[in-house]
Amino acid sequence: MNAFKSIPGTFDILPDGYSNGGDEVAPVRMWLHLEETVRSIMARYGAEEIRTPILEPTELIARGIGALTDIVTKEMFAFERGSTNYVMRPEVTAPVMRAYLQHNLEQRGGTQRLFYIGPCFRAERPQKGRYRQFHQFGLELIGSEDPRADAETIVSLRDVLEGLGLSRYTLRLNSLGDEQSRPAFKRALVDFLTPLADQLSEISRNRLASNPLRILDTKIDTERTLLADAPRLSDFIDEASRDHHAMVKSLLDAAGLAYVEDPFLVRGLDYYSRTAFEFESPLLGAQSSIAGGGRYDLLSKEVGSKQAVPAVGFAAGMERILLACAAEQVAMPAEPRVDVFIVALGDASAAWAFAEAGRLRGSGLKVAYDMKGRSMKAQMREANRQRARFVAIVGDDELVQGVVQLKDMDGGNQETVSPSAIAGRISAAI
Ligand code: HAM
């Protein structure tokens, strides 16, 4: 039987970085660094972490994201067990809204700022930057329709990117108007495109019937040319949404965050109204969207709330952000080191190494030792691989004499010490 491999579109995250079919997977310490940056920036915004299940009711996602979206029609990992329909969450916004409603979080008062970090699942065709299991961090700000909520959401994402040391990104911004604006625009777009249908690709022709707004996302040049004369969403936007959008823009200006207005930006999920935005990196090729989000005042009712709950949020693709970090060569955290590696030569020493490692760990030090009874040379090689700051070398004879050789791998100094002095010597040096 062939050895098992991870499923295409999924990957292992290992202590060291590696190349996964041409795609670089960052080492785990870089993932931790990203997660710590997210947590520390979110804390500055008073955001609190929320963790929701991977499995959600399929109906929640279908209703929340929209039954005709690509995600719901083609990309869900969904299955049935007994009488329950499960989906592995393709995103976290609808689940967070479900949790907010289920636990009456509005009773905590004020605006809820909820952030998350975790895996999502979409059955897309895997390619560089596009996976079947990927990870998002995101923020959902629930309970406010104030334009400051939109601007703060966007600015907090900027702060995470800057906190990581990224600088080459662009922000695209649009307003989708209120409940009425989109249907009116959709009708006008269909009226405009229907006589031109034979000039559209098959995908766009299908979308004309199912999800016409998605045609605006086309990357095909001839279609983009056709769309240049198409009706503009901005002409269908209601007065209140227009004012809201103007306010969001002036708040972004005040925060020193540049944006490009993109009247074609509609996003792939149906729950948006008013603000929609995307952050892109020019360094990532086809999958350039590193994060996206917007306002979703209509979602709560779609998933069963009697009252509309205004909300806005973003989600960022962690793999893509890490690819952008690599492309921009931002500083990575240093490789971890052990404080001391015990080189034990002989059976009695090997037993002692186990006990001594326990004592040293008890005093807070990071300790490793060899478990294969190998040669001194092989053990020293292992100490180097683990970037040991000190090496404690002991043989069975030294053990009887009650001495250990302690070598400072940075300074090169070597001295003979009693075992009881090891912890103190090392703690003084590190
Ligand atoms: P989304 O645009 O579908 O929005 O996904 C957000 C980000 O997740 C994308 O910009 C991308 O970086 C990453 N992403 C999506 N699919 C994949 C994939 N197959 N492989 C790798 N990365 C991927 C949402 O999910 C919304 N929930 C955002 C939101 C939050 N809106 C309001 N609040």
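Which numbered condition trips up Asp229, out of (1) more than 27 Å from Thr93 (Cβ to Cβ); (2) in a helix (DSSP H, G or I)?
Evaluating Asp229 over (1) more than 27 Å from Thr93 (Cβ to Cβ); (2) in a helix (DSSP H, G or I) leaves (2) as the failure.
Taking the range 1-21, which residues are in contact (Cβ under 8 Å) with a residue 40 or more places away in the chain and open to solvent by less than 60 Å² (accessible area, probe 1.4 Å)?
Scanning the range 1-21 gives Gly9, Thr10, Phe11.
Checking Asp347 against (1) within 18 Å of the chain's Cα centre (by Cα); (2) surrounded by fewer than 18 Cβ atoms within 10 Å (Cβ to Cβ); (3) among the acidic types (Asp, Glu), which single condition isn't satisfied?
The single condition Asp347 does not satisfy is (1).
Filtering the range 164-207 down to residues that are acidic (Asp, Glu) and touching a Ser or Thr at 6+ places or on another chain (Cβ under 8 Å), which residue is least open to solvent (accessible area, probe 1.4 Å)?
Asp178
Pairs needed: first member in the range 251-280, part of a strand (DSSP E or B); second member anywhere, open to solvent by 10 Å² or more (accessible area, probe 1.4 Å) and of a type in the set (Val, Ile, Thr); C-beta distance under 7 Å; at least 6 residues apart or different chains.
Val260/Thr170; Glu280/Thr170
Being in contact with a helix residue (DSSP H, G or I) (Cβ under 7 Å, 6 or more places away or on another chain) and open to solvent by 50 Å² or more (accessible area, probe 1.4 Å) is the filter here, so list the residues in the range 73-92 that pass it.
Ala78, Asn85, Tyr86, listed by residue number.
State yes or no: is Leu166 under 30 Å from Ile321 (Cβ atoms) and of a type in the set (A, V, I, L, M, F, W, C)?
yes
Go through the range 29-59 and report how many residues are assigned to a helix (DSSP H, G or I) and farther than 24 Å from Arg108 by Cα.
Summing the residues that are assigned to a helix (DSSP H, G or I) and farther than 24 Å from Arg108 by Cα in the range 29-59 gives 11.
Which of the following residues is in contact (Cβ under 8 Å) with a residue 60 or more places away in the chain, of a type outside the set (D, E, K, R) and open to solvent by 40 Å² or more (accessible area, probe 1.4 Å): Met332, Met371?
Selected residue: Met332, the only one of Met332, Met371 that is in contact (Cβ under 8 Å) with a residue 60 or more places away in the chain, of a type outside the set (D, E, K, R) and open to solvent by 40 Å² or more (accessible area, probe 1.4 Å).
Assess whether Leu323 counts as being of a type outside the set (D, E, K, R), in a loop (DSSP other than H, G, I, E, B), over 14 Å from Thr93 (Cα atoms) and within 10 Å of the ligand (Cβ to nearest atom).
So Leu323 fails the test.
Conditions first: (1) open to solvent by less than 10 Å² (accessible area, probe 1.4 Å); (2) assigned to a helix (DSSP H, G or I); (3) closer than 30 Å to Met318 by Cα; (4) in the same structural domain as Arg148 (by TED's automatic domain parsing). Ser241 passes all but one, so which condition is the exception?
(3)
Would you pick out the residues in the range 107-131 that are near the ligand (Cβ under 7 Å from one of its atoms) and open to solvent by 10 Å² or more (accessible area, probe 1.4 Å)?
Passing the criteria: Arg122, Glu124, Arg130, Tyr131.
Give the residues of the range 285-302 that are more than 7 Å from the ligand (Cβ to nearest atom) and buried (at least 22 other Cβ atoms within 10 Å of the Cβ), sorted by residue number.
Passing the criteria: Arg295, Leu299, Ser300.
Got a number for residues in the range 17-28 being touching a Phe, Trp or Tyr at 6+ places or on another chain (Cβ under 9 Å) and part of a helix (DSSP H, G or I)?
The total comes to 0.
The values are calculated or read from the model by the stated rules, or taken from the named source; none is laboratory data. No experiment lies behind these values; they were computed from the predicted model shown. Cβ coordinates were reconstructed from backbone atoms using ideal geometry, including for glycine residues, and neighbour counts include every protein chain displayed. Ligands, DNA and RNA are excluded from the accessible area calculation, which covers all protein heavy atoms including side chains. Shrake-Rupley method; radii C 1.70, N 1.55, O 1.52, S 1.80 Å.
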